[in-house]
Amino acid sequence: MKFWTFLVASTLLTPAAQAQSGTQCPQLLDFSMRKLDSREEVRLCEEYKGKVLLVVNTASRCAFTPQYDALEKLYAEKKDDGLVILGFPSNDFGNQEPGGEDSIKKFCRLTYGVNFPMFAKVSVKGEQAHPFYKALIAAADSRPKWNFHKYLIGRDGQLIDSYWSMTKPDSPRLLKAIDKALQ
């Protein structure tokens, strides 16, 4: 009987009560995104609740593309501690991600062994930017100027910082911020 009372009560929580109980979705993560080359939708705040997120706009034909190696290594080393890397292919810069989602997925898996979550190809700049990226840009007051721009989000769903494309995934500055967020 207690279970049913809890179940009914939890479905009737007001937004204020949800916020107090920690079940409300952080605004920055209040988006559903489609997985790469899939019909499956992921609600970011539910799927990655309590995780530290590194959000990266990616491209397959870019001078920064080798960062996939370091991103995958970082993910493998820190995923058990709560880090998740989210990749978002984009063709916004220099036509460096012209392929379809199937070819992007194959490239990432076969060339770099990418296992971290990758999502549908999106626009990350200007008026065409996906609403998730518009929220990231507004929170950081920093927009991607090229591929492999990074946004670090804490366990609470709040932006910690953003990093230009030239900041490598294994840079001491970024690693220090990630380690602090994982504590």
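The values are calculated or read from the model by the stated rules, or taken from the named source; none is laboratory data. Model, not experiment: these values are computed from the prediction. A quick note on method: Cβ atoms are made from the backbone with ideal geometry, for glycine too, and the neighbour counts reach across all protein chains shown.
Brief remarks follow.
- Checking every residue in segment 89-106 against the condition of being under 17 Å from the mean Cα position of the chain (by Cα) and within 25 Å of Gly50 (Cα to Cα) gives at least one match.
- Flag if Val122 is of a type in the set (Val, Ile, Thr) and touching a His at 6+ places or on another chain (Cβ under 7 Å): yes
- Among residues that are among the hydroxyl-bearing types (Ser, Thr, Tyr), closer than 16 Å to Arg109 by Cβ and at pLDDT 95 or above, Tyr48 is not included.
- Hey, Gln128 polar (S, T, N, Q), buried (at least 18 other Cβ atoms within 10 Å of the Cβ) and outside any strand (DSSP E or B) or not: no
- Whichever residue in segment 56-107 is assigned to a loop (DSSP other than H, G, I, E, B) and among the hydroxyl-bearing types (Ser, Thr, Tyr) and, among such residues, is surrounded by the most Cβ atoms within 10 Å (Cβ to Cβ): Ser90
- For segment 35-48, a residue qualifies if it is within 12 Å of the chain's Cα centre (by Cα) and not in a helix (DSSP H, G or I), and the qualifying residues are Lys35, Val42, Arg43, Tyr48.
- Segment 150-183 - residue that is assigned to a strand (DSSP E or B) and not hydroxyl-bearing (Ser, Thr, Tyr) and, of those, surrounded by the fewest Cβ atoms within 10 Å (Cβ to Cβ): Asp161
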